1. Output the number of residues of segment 215-265 satisfying the condition of being surrounded by fewer than 19 Cβ atoms within 10 Å (Cβ to Cβ) and more than 20 Å from residue 180 (Cα to Cα).
2. Would you say residue 150 is closer than 21 Å to residue 127 by Cβ, modelled with pLDDT under 95, touching a helix residue (DSSP H, G or I) at 6+ places or on another chain (Cβ under 7 Å) and surrounded by fewer than 21 Cβ atoms within 10 Å (Cβ to Cβ)?
3. Give me the residue from segment 163-177 that is surrounded by 16 or more Cβ atoms within 10 Å (Cβ to Cβ) and in a loop (DSSP other than H, G, I, E, B) and, out of that set, farthest from the chain's Cα centre (by Cα).
4. Across segment 231-253, what is the number of residues that are within 25 Å of residue 193 (Cα to Cα), assigned to a helix (DSSP H, G or I) and in contact with a helix residue (DSSP H, G or I) (Cβ under 7 Å, 6 or more places away or on another chain)?
5. Please go through segment 123-162 and give me each residue that is outside any helix (DSSP H, G or I) and within 16 Å of residue 274 (Cβ to Cβ), ordered by number.
6. All but one of (1) under 26 Å from residue 125 (Cα atoms); (2) part of a helix (DSSP H, G or I) hold for residue 208, so report the exception by its number.
7. Can you tell me which residue in segment 170-182 is nearest to residue 242 (Cα to Cα), limited to those that are without any contact (Cβ under 8 Å) to a residue 40 or more places away in the chain and touching a helix residue (DSSP H, G or I) at 6+ places or on another chain (Cβ under 9 Å)?
8. Hey, residue 19 hits all of (1) at pLDDT 90 or above; (2) part of a helix (DSSP H, G or I) but one; which does it fall short on?
């Protein structure tokens, strides 16, 4: 298991770090690719769970939700406007179903799947934030467009990694066993502690209060755990162990980004409202 996880990391980490380093367009491109792959997997799982949809339109809408804000700025927000037009298109397509109940179900499922996977777009939005960092601090040279993404990634990875090892070593009491039987309360606590410490250290290294970083780490860890459980619920409903076979030892793209789907919007909100 550990060897498989290391192999998965070796595949995913280099392009992610390169995109973070280059910033801007490259972050958006990487997010777009991940949204397409994760979206296809999510709609396959929804179909297996008995919820029919329009996968192609759903994936297109997911990309619009994720990256619509990168289009030329329009009154009311380009992302919101394009997402609204996409939902109108999905709703119009659902009207072609002869059974109104089937059409409504397809409309709801397609919209849900797109909005769910489209949450990954907050990674790209985080790259565009201007929340200040101290240029003279240890990591201040990264600038806000790189720094906050790096904090997000490292805090979520800290949670996943320490929750896994703590759970294997000390896990006794089940946590959300009806959704994910392998998770334990001890593992969750270990992940929360690690994320809080990593958040405090990284935010302090950016010249911001370490106490704010401690809170940042805790809320990101909680969101990451919720995101992981939400995808587990989807897989359990579909009777699937993994979302796909794209990544050796770690299933599909959705398996790899599930934590970020919930953690990224929480990170964006925290950075622009509390750390700004």
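The values are calculated or read from the model by the stated rules, or taken from the named source; none is laboratory data. Please read all numbers here as calculations on a predicted model, not as lab measurements. Ideal geometry is used to build each Cβ from the backbone, glycine not excepted, and the neighbour counts take in all protein chains shown.
1. 3
2. Working: closer than 21 Å to residue 127 by Cβ: yes; modelled with pLDDT under 95: yes; touching a helix residue (DSSP H, G or I) at 6+ places or on another chain (Cβ under 7 Å): yes; surrounded by fewer than 21 Cβ atoms within 10 Å (Cβ to Cβ): yes.
In short, yes.
3. Restricting to residues being surrounded by 16 or more Cβ atoms within 10 Å (Cβ to Cβ) and in a loop (DSSP other than H, G, I, E, B), the top hit is 171.
4. 1
5. Taking segment 123-162 and keeping what is outside any helix (DSSP H, G or I), we get 128-139, 143.
Listed by number, the residues that qualify are 129, 130, 131, 132, 133.
6. (2)
7. At the first step, the residues of segment 170-182 found to be without any contact (Cβ under 8 Å) to a residue 40 or more places away in the chain are 170-175, 177-178, 181-182.
When the remaining residues are screened for being touching a helix residue (DSSP H, G or I) at 6+ places or on another chain (Cβ under 9 Å), the result is 170-175, 178, 182.
Details: 170: 25, 171: 22, 172: 24, 173: 24, 174: 21, 175: 19, 178: 17, 182: 14 Å.
Residue satisfying both the conditions and the ranking: 182.
8. (1)
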